[in-house]
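Asker: Right, I'll just put the structure down here and ask away after.
What follows draws every value from the coordinates through simple rules; no lab data is involved. In this text the structure is predicted, and so the values were computed from the model without any measurement. No Cβ is skipped: glycine too gets one built from the backbone with ideal geometry, and neighbour counts run over all protein chains shown.
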Amino acid sequence: MYGRAHRLYEGCISASIRTVLCGFIQAFAVFWVKLEKKSLSLYGSYSVNKIIVISKGSELLRIPSDRLVYVEAEGNYSNVVTQDNKVAMVSFQLGQMEDLIGNQLGDAGNNFLRLGRGLIINQDFVYSIDVTRQRLVLSDCNGCYHELSASREVLTKLKAYIDVMVRNG
């Protein structure tokens, strides 16, 4: 529309085709904005992703919420683990991370569950729960695999919660 690229564009396409093309582009842009604002679904389960921003002092970390697998407490710090198996230590306690996720994601933050004192998980990555061995496996079945330990009590509650969610749809 501006500059040399627009002038070349004008010379190659007739005015009527240009009008139709511009109308299509504008309609697509309006659709895309509505998709982002309302998190509309294209294929039933796909929605526009929200970004979690962790910022403190000189640190800034941006993570798409659907790529955050879990957050694990380590003293006064937290290890943030993403789907590509990257681990970032941030200077937030686990409770602060829980609040941050809830505040930034709103209802989408319900996907993250606090397990005991030391763990927040993204329930979309729960692959297996073994209560007797006290093992929780988080995986995307495509290269992301994390085996974690948790108490029997916590794992029993998590299993029951997932069973209820599956039954209720």
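Asker: Determine the shape class of the stretch 62-143: with a ≥ b ≥ c the square roots of the Cα gyration tensor eigenvalues, call it rounded for a/c under 1.5, and otherwise prolate if a/b is greater than b/c, oblate otherwise. Intermediate results must be reported in sequence, preceding the final value.
Answerer: Details: a/c = 1.44, a/b = 1.26, b/c = 1.14.
Because its axes are fairly even, with a/c under 1.5, the stretch 62-143 counts as rounded.
Asker: May I ask you to derive the FRET efficiency for ALA88 and SER128 from their Cβ-Cβ distance with R0 = 30 Å, giving the value to the nearest 0.05? Before the final figure, lay out each step's value.
Answerer: Values: r = 25 Å, r/R0 = 0.85.
Calculated transfer efficiency: 0.75.
Asker: Place +1 on the Cβ of every Lys and Arg and -1 on the Cβ of every Asp and Glu in the stretch 51-168, take the dipole about the Cα centre, and give the residue among GLN104, SER151, GLN83 whose Cα lies farthest towards its positive end.
Answerer: Comparing the listed Cα positions along the dipole, SER151 ranks first.
Asker: Sticking with this structure for a sec: Among the aspartates and glutamates, which have Cα under 15 Å from the Cα of LYS159 when same-chain residues fewer than 8 positions away are ignored?
Answerer: Within the straight-line limit of under 15 Å, LYS159 reaches these aspartates and glutamates: ASP124, ASP130.
Asker: Any chance you could run the full-extension gain for GLN96 through LYS56? It's 0.36 nm times the residue separation minus the Cα-Cα distance, nm to one decimal. Provide the component values of the computation, followed by the final result.
Answerer: Details: separation 40, 0.36 × 40 = 14.40 nm, distance 1.15 nm.
Gain on stretching GLN96 to LYS56: 13.2 nm.
Asker: Could you tell me which of VAL137, ALA160, ASN122 has its Cα farthest along the dipole of the stretch 51-168 towards the positive end, charges placed at Cβ (Lys, Arg +1; Asp, Glu -1), taken about the Cα centre?
Answerer: Projecting each Cα onto the dipole axis, the largest value belongs to ALA160.
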